[in-house]
Amino acid sequence: MMKKTKTASRELMEWGVAFLFAIVFAFIIHQFVFAPVLVDGESMMPTLQDQNKMIVNKMEYRFSEPDRFDIVVFHATPEKDYIKRVIGLPGDTLEYKDDVLYINGEAVEEPYLDQYKAELPGGNLTADFTLESVTGEVTIPEDKYFVMGDNRRKSEDSRMIGLVDKDQIVGSTSLVFWPLSDFHFVD
């Protein structure tokens, strides 16, 4: 009888340790590697829909820099994270004219906007502006990024909130996992 009690209590302790290890492991993964994020609003439509749930890769930018057109999650305020697309990189000049993006004086295609532009009832998706007119900067400073939502008419982005510091960027996101009917990778 005594042997069963020791075995049962030992097994209970082993399960407790395994459970504690699983909780600590999940916490570390959530804090430093991957985390879920909720798309809140229409600023990334049609690429992302309001209430889509995505996975943020928090490790990617620990070893590399954001690339143009990456979709990133960043701390817009202490209470709120935004999901936007990187348009301008450090050292870039940037301008929109007649619905065309110009980076360092060269026209740059934005194929992810083609569907949205085709569905517009009229006018330009992106109003004309220069980097200097919206941020006061001629070129994007080191460790800063210019971000925009794909739904240019309804996006609070670098045109309003200014440049995003690299330290504000949580990570990149490209996997929509909820709702399951929308499960896909985005470009």
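Annotations
- Taken along the Cα-to-beta-carbon direction at a fixed 7 Å, the label points for R10 and D143 span 5.4 nm.
- Translational diffusion of the chain, µm² s⁻¹ [Kirkwood Rh, Cα pairs; Stokes-Einstein; 20 °C; 1.002 mPa s]: 115
- Net dipole in debye of the chain [+1 Lys, Arg Cβ; -1 Asp, Glu Cβ; about Cα centre; nearest 20]: 1460
- For the pair A18 and N124 in one chain, pulling the backbone fully straight at 0.36 nm per residue adds 32.4 nm over the alpha carbon distance.
- Counting protein heavy atoms only, the range 63-187 has 50 percent of its accessible area on carbon and sulfur, 1.4 angstrom probe.
- In degrees, nearest ten, helix 2-32 long axis to first principal axis of the chain (Cα): 10
- Calculated [θ] (222 nm, deg cm²/dmol) that DSSP helices of n ≥ 4 give over the chain, each run adding -39,500 (n - 2.57): -8000 deg cm²/dmol
- Summary: within the chain, the longest segment free of chymotrypsin sites (Phe, Trp or Tyr not before Pro) located in DSSP loops with at most 15 other C-beta atoms within 10 Å is 70-182.
- Distance in nm between pseudo-label sites at V100 and F183 (7 Å out along the Cβ direction from Cα): 4.2
- Qualifying trypsin sites (Lys or Arg not before Pro) in the range 70-109, where qualification requires a DSSP coil assignment and no more than 11 other C-beta atoms within 10 Å, comprise K80.
The values are calculated or read from the model by the stated rules, or taken from the named source; none is laboratory data. Just so you know, these numbers come straight off a predicted model, no measurement behind them. Neighbour counts are summed over all protein chains in view; Cβ atoms, including those assigned to glycine, are modelled from backbone coordinates with ideal geometry. Calculation scope for accessible area: heavy atoms of the full protein, side chains included, ligands and nucleic acids excluded. Shrake-Rupley method; radii C 1.70, N 1.55, O 1.52, S 1.80 Å.
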